[in-house]
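*Asks:* Here it is, the structure in full.
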Amino acid sequence: QVPLVESGGGLVQAGGSLRLSCAASGISLSINDPTWYRQAPGKQREVVAVITSGGSTDYADSVKGRFTISRDFAKNTMYLQMNSLKPEDTAVYYCYVRRSGVNYWGLGTQVTVSS
């Protein structure tokens, strides 16, 4: 069983919106500071947004004001609302949790923004 499963990616025009989901099983997203990463072709994986156990959030400068990270405790699911999408947001988006010294990654969901 894959502990983290992303969904919600797709093809969207510039200026559009998408909401990504990361459903967790066996790992609590209420702690462990779950994080969204992305990796564009030919680039290194980078942090997009993180939400701490206390509910604080932080974002990459490139997405501040456009993306919002949130979570639903009852569903043990994390979200990334992405608005005003740009072609440079095109990437595979991954959710990540580190627990007890082990890194957990989802398989990713592709987001493609056309100009």
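*Asks:* Take the residues of the stretch 1-16 that are part of a strand (DSSP E or B) and β-branched (V, I, T): which is least open to solvent (accessible area, probe 1.4 Å)?
*Replies:* Narrowing the stretch 1-16 to residues part of a strand (DSSP E or B): 4-7, 10-13.
Pick out the ones that are also β-branched (V, I, T) and you get 5, 12.
On the way: V5: 75, V12: 24 Å².
Once the filter is applied, the top-ranked residue is V12.
*Asks:* Cβ-Cβ below 9 Å, separation at least six or inter-chain, first residue in the stretch 72-83 and free of Cβ contacts under 8 Å to residues at least 40 places away in the same chain, second of a type outside the set (G, A, S) and outside any strand (DSSP E or B): which pairs?
*Replies:* So the pair list comes out as D72/L29.
*Asks:* Look at R71 and say whether it is among the basic types (K, R) and open to solvent by 60 Å² or more (accessible area, probe 1.4 Å).
*Replies:* No: the conditions fail for R71.
*Asks:* When the stretch 97-108 is examined, which residues are found to be in a strand (DSSP E or B) and surrounded by fewer than 21 Cβ atoms within 10 Å (Cβ to Cβ)? Break it down stepwise before answering.
*Replies:* So in the stretch 97-108, the residues in a strand (DSSP E or B) come out as 97-99, 102-105.
Those that are in a strand (DSSP E or B) and surrounded by fewer than 21 Cβ atoms within 10 Å (Cβ to Cβ): R98, R99, V102, N103, Y104, W105.
*Asks:* Just to be sure before I move on: is N76 under 15 Å from the mean Cα position of the chain (by Cα), among the polar types (S, T, N, Q) and at positive phi in the structure I sent? Break it down stepwise before answering.
*Replies:* Working: under 15 Å from the mean Cα position of the chain (by Cα): yes; among the polar types (S, T, N, Q): yes; at positive phi: yes.
Spelling it out, N76 is indeed under 15 Å from the mean Cα position of the chain (by Cα), among the polar types (S, T, N, Q) and at positive phi.
*Asks:* For the stretch 74-96, give me each residue that is surrounded by fewer than 16 Cβ atoms within 10 Å (Cβ to Cβ), over 14 Å from S7 (Cα atoms) and not aliphatic (A, V, I, L, M). Walk me through it before giving the result.
*Replies:* Restricting attention to the stretch 74-96, the residues satisfying the condition of being surrounded by fewer than 16 Cβ atoms within 10 Å (Cβ to Cβ) are 74-75, 81, 83-84, 86-88.
Those left that are additionally over 14 Å from S7 (Cα atoms): 74-75, 83-84, 86-88.
Selection gives K75, N83, S84, K86, P87, E88.
Every residue, every condition in (1) over 14 Å from D33 (Cβ atoms); (2) hydroxyl-bearing (S, T, Y); (3) in contact with a helix residue (DSSP H, G or I) (Cβ under 8 Å, 6 or more places away or on another chain), yes or no:
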{"site": "I51", "(1), (2), (3)": "no, no, no"}
{"site": "D61", "(1), (2), (3)": "yes, no, no"}
{"site": "K75", "(1), (2), (3)": "yes, no, no"}
{"site": "K86", "(1), (2), (3)": "yes, no, no"}
{"site": "R98", "(1), (2), (3)": "no, no, no"}
{"site": "N103", "(1), (2), (3)": "no, no, no"}
{"site": "V113", "(1), (2), (3)": "yes, no, yes"}
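*Asks:* Pull out all pairs, ordered by first then second residue, where Cβ-Cβ is under 8 Å, the residues are six or more apart or on different chains, the first lies in the stretch 93-115 and is under 17 Å from N76 (Cβ atoms) and among the basic types (K, R), and the second is assigned to a strand (DSSP E or B) and open to solvent by 30 Å² or more (accessible area, probe 1.4 Å).
*Replies:* What qualifies is R98/Y104.
*Asks:* Follow-up question, since we're still on this one. Looking at the stretch 17-42, which of its residues are open to solvent by less than 20 Å² (accessible area, probe 1.4 Å), in a loop (DSSP other than H, G, I, E, B) and out of contact with any Ser or Thr (no Cβ under 8 Å at 6 or more places or on another chain)?
*Replies:* I27, P34 - these are the residues of the stretch 17-42 that are open to solvent by less than 20 Å² (accessible area, probe 1.4 Å), in a loop (DSSP other than H, G, I, E, B) and out of contact with any Ser or Thr (no Cβ under 8 Å at 6 or more places or on another chain).
*Asks:* Only residues that are surrounded by 12 or more Cβ atoms within 10 Å (Cβ to Cβ) and either over 11 Å from the mean Cα position of the chain (by Cα) or farther than 16 Å from L85 by Cβ (or both): list them for the stretch 47-58, please.
*Replies:* V47, V50, I51, T52, S53, T57, D58
The values are calculated or read from the model by the stated rules, or taken from the named source; none is laboratory data. Predicted, not measured: the structure shown is a model, and the values here were computed from it. Counting neighbours? That spans all protein chains shown, and the Cβs are built from the backbone with ideal geometry, glycine included. The accessibility values were calculated without ligands, DNA or RNA, using every heavy atom of the protein model including side chains. Shrake-Rupley method; radii C 1.70, N 1.55, O 1.52, S 1.80 Å.
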